[in-house]
Amino acid sequence: MQLQQKFVEVAKKYSNKIAVYDQATGKDLTYDRMLIAALILAARFKKIKSSYLGIMVPTSAGCMLSILGSLMAGKIPVMINYSTGADENSIYAQEKCSFKTIITSKKLLEKLNIEPVDGMIYLEDIMASLTAPEKLKAAIKSKLPTGALKSRVQHGDDDATSVILFTSGSEKEPKAVQLSHKNIFHNLDTIPQIIDVTEDDVFAGTLPLFHVFGVTTNFWLPFSLGASVVTHANPLDYSTIVKSITDYKISILIGTPTFFLGYQRRSKPGDLASVRYAIAGADKLTEKLRLSFQRDHDIEILEGYGATETSPVVSVNVPGANKPGSIGKPLPGVQVKILDRETDEVLPPGKEGKILVKGDLIMKGYLGDVEETSMHMHGGWYDTGDMGIIDDDGFLWHRGRLKRFVKVGGEMVSLVKVEEILTKLLPDGVTCCVVDVPNPKKGADVVAAVATGEFEKKKILKQMAKELPSIAVPKEFYVIEDIPLMGSGKVDFRDVERICRERQDNGK
């Protein structure tokens with residue numbers, strides 16, 4: 001079965017239930033209305049010649065309908081990141097996947113203050129141009145029995161590509177990840193086995209759908225259950241999101257640590273009382289944030305781990321099997337092994353090495369990039385590029401990206417470890433990022449970017465020296481008021497590193 005057929009099943013079963021509380025338009029859309037609208041768009045999208053269709057729309061019913069309409073029409077949605085360089089990303093996607101048409105929003109381009117790229121079609125114009133016969137045809141079609149309707153929309157092998165997503169580009173040029181229907185279904189089938197999410201839950205739809213974390217957990221997961229989603233186009237609008245958690249009694253809150261920090265700052269005790277599960281991923285959850293959230297809201301943030309290439313969830317902590325600081329046990333059907341960084345020998349529990357993952361969640365490969373695919377995939381195993389350990393109880397512990405280890409004076413230093421210790425010592429609410437800059441004598445120096453200069457630098461350096469070898473203690477602190485973030489909420493390490501190198505070169 002393919003994802004759009006699963007949606008047909010769920011939409012028919014929960015036809016009168018609200019699927020999306022769309023904050024962008026103020027409209028509440030039932031599953032039945034979503035089904036009809038998706039069928040209307042599918043009929044329009046079928047006329048497009050290319051097998052790929054670009055989608056650049058903020059998290060909303062409109063974005064979800066564009067994805068559903070694409071798949072029902074037999075098109076593969078290519079999700080485009082609009083948070084950084086929307087026009088460049090659009091052209092990059094068009095060239096990488098050889099297509100022209102991009103569904104986008106007039107409001108979005110106005111907000112971004114960019115000119116449309118050739119091939120862009122506004123969703124607002126499509127909706128305004130719909131005719132009565134088109135609407136009637138889709139409404140009649142939606143009343144077909146479930147089996148008949150499933151056979152009338154695009155259907156096929158679950159190994160077929162369901163979406164193209166681009167890697168974050170926080171370290172290098174984005175790669176086009178091909179995820180199949182089977183890949184995403186692995187998460188949809190296994191997550192409810194370990195966390196009791198049901199059709200009665202209300203999900204916060206705050207993550208961008210150009211990011212795998214958002215498209216799986218904020219869209220397909222609730223839609224596969226028959227649950228409701230409260231969509232927010234701007235994930236950084238923390239005050240509004242906190243209000244919607246209270247107003248809509250949101251029970252499932254999934255996001256990045258950066259977003260949880262935002263909710264923490266904009267909420268007061270009691271505001272998040274409806275939340276049953278708070279799950280963080282995509283970046284390291286600090287102990288300081290976890291403890292403050294627990295103190296103020298009596299909510300334990302459960303940390304998980306994944307990647308674009310793994311659809312995304314590999315492992316997650318759950319109630320009854322939660323080790324704070326770890327990234328949880330692998331999902332059912334997921335194999336994880338740890339290899340020695342230099343010899344590729346399989347390591348026993350407790351030994352640190354490269355994290356490799358195997359299972360139905362692993363991507364088909366990078367589109368048009370056999371070399372990169374072969375570098376990361378070997379005999380069904382995906383090399384995550386991350387370092388970690390598996391403990392004696394089967395919990396996975398993340399030690400950082402291999403690329404976030406740096407050689408200083410011949411010794412390997414974990415920038416993530418330095419970051420963790422610095423975060424613990426800085427005042428509450430102060431964010432930081434640790435990177436390396438060139439040093440002709442030692443190879444590199446560790447430096448820190450912090451969001452404020454209001455802390456006792458000497459005192460913190462003295463405390464860090466007690467917990468770290470001298471080569472790992474930051475040689476410089478650079479104040480960057482707004483530490484650059486990716487659209488997903490991850491720190492943009494490439495940009496932070498660039499800023500720090502410029503400051504170093506200028507002696508500031």
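No value in this document is a laboratory result; all are computed from the given coordinates. Here the structure is a predicted model, which means the values were calculated and not measured. As a convention, Cβ positions derive from the backbone with ideal geometry for all residues, glycine included, and neighbour counts pool all protein chains shown.
The stretch 61-84 and the stretch 157-201 have Cα centres separated by 14 Å. Basic side chains Lys and Arg get +1 at the Cβ, acidic Asp and Glu get -1 at the Cβ, and with that the dipole of the stretch 227-343 about its Cα centre reaches some 220 debye.
Taking 16 Å as the straight-line reach from the Cα of Lys424, the lysines in range (excluding those fewer than 8 positions away in the same chain) are Lys284, Lys288, Lys457, Lys458, Lys459, Lys462, Lys466.
Rounded if a/c is under 1.5, else prolate if a/b is larger than b/c, else oblate: which is the stretch 180-233, with a ≥ b ≥ c the root eigenvalues of its Cα gyration tensor? Because a/c hits 1.5 or more and a/b fails to exceed b/c, the stretch 180-233 counts as oblate.
At most 10 other Cβ atoms within 10 Å and a DSSP loop assignment: could you name the GluC sites (Glu not before Pro) in the stretch 455-508 that fit?
Numbers: sites: Glu456, Glu467, Glu476, Glu481, Glu497, Glu502; in loops: Glu456, Glu481.
Here the sparse-neighbourhood loop sites are Glu481.
Would you mind calculating the relative contact order of the chain from Cα pairs under 8 angstrom and at least 6 residues apart, reporting the percent as a whole number?
On the way: 1026 pairs, mean separation 57.4, N = 508.
Once divided by the residue count of the chain, the mean separation gives 11 percent.
For the stretch 409-506, what is the relative contact order in percent, using Cα pairs closer than 8 Å and at least 6 residues apart in sequence?
Values: 133 pairs, mean separation 27.0, N = 98.
Once divided by the residue count of the stretch 409-506, the mean separation gives 28 percent.
Residue by residue, the stretch 102-115 carries 3J(HN,Hα) couplings of 10, 7, 9, 10, 4, 4, 5, 5, 5, 5, 7, 6, 10, 7 Hz when phi is fed to the Karplus relation 6.51 cos²θ - 1.76 cosθ + 1.60 (θ = phi - 60°); x denotes Gly or Pro. The spacing between the stretch 238-275 and the stretch 1-25, judged by their C-alpha centroids, is 24 Å. Counting lysine pairs in the stretch 116-244 whose alpha carbons fall under 26 angstrom apart, excluding pairs fewer than 8 residues apart on the same chain, gives 5. Of the trypsin sites (Lys or Arg not before Pro) in the stretch 203-270, the ones in a loop by DSSP (not H, G, I, E or B) with at most 15 other beta carbons within 10 Å are Lys249.
Per-residue Karplus couplings for the stretch 366-377, computed as 6.51 cos²θ - 1.76 cosθ + 1.60 with θ equal to phi - 60°, are listed in order as 8, 4, x, 9, 4, 4, 5, 4, 5, 5, 9, 10 Hz, Gly and Pro entered as x.
For the stretch 409-506, the fraction of C-alpha pairs more than 20 angstrom apart is 33%. What the phi angles of the stretch 5-14 give under the Karplus curve with 6.51, -1.76 and 1.60, with θ = phi - 60°, is a coupling list of 6, 4, 4, 4, 4, 5, 5, 5, 6, 10 Hz, glycine and proline written as x. The helix-only estimate of mean residue ellipticity at 222 nm for the chain, built from DSSP H runs of length n ≥ 4 each weighted as -39500 (n - 2.57), is -10000 deg cm²/dmol after division by the residue total.
With an 8 Å cut-off on Cα pairs and a minimum separation of 6 or more residues, tell me the relative contact order of the stretch 44-182 in percent.
Working: 182 pairs, mean separation 32.6, N = 139.
In percent, rounded to a whole number, it is 23.
In summary, the aspartates and glutamates within cross-link reach of Lys46, defined as a Cα separation below 16 angstrom excluding same-chain residues under 8 places away, comprise Glu134. Here the dipole of the chain is about 800 debye; that uses its Cα centre as origin and unit charges on the Cβ of Lys and Arg (positive) and Asp and Glu (negative). Remark: the stretch 409-506 carries a charge dipole of roughly 400 debye about the Cα centre, counting +1 on each Lys and Arg Cβ and -1 on each Asp and Glu Cβ.
Amide hydrogen proximity for Arg341: with H placed 1.01 Å from N in the peptide plane, the residues at 5 or more positions away or on another chain lying under 5 Å are Lys354. In the chain, if the dipole is taken from +1 on Lys/Arg beta carbons and -1 on Asp/Glu beta carbons about the Cα centre, which of Leu425, Gly85, Pro349 is farthest to the positive end? The listed residue farthest towards the positive side: Gly85. Rg ratio for the stretch 109-177: its Cα radius of gyration over 2.2 N^0.38 Å, N being its residue count, equals 1.70.
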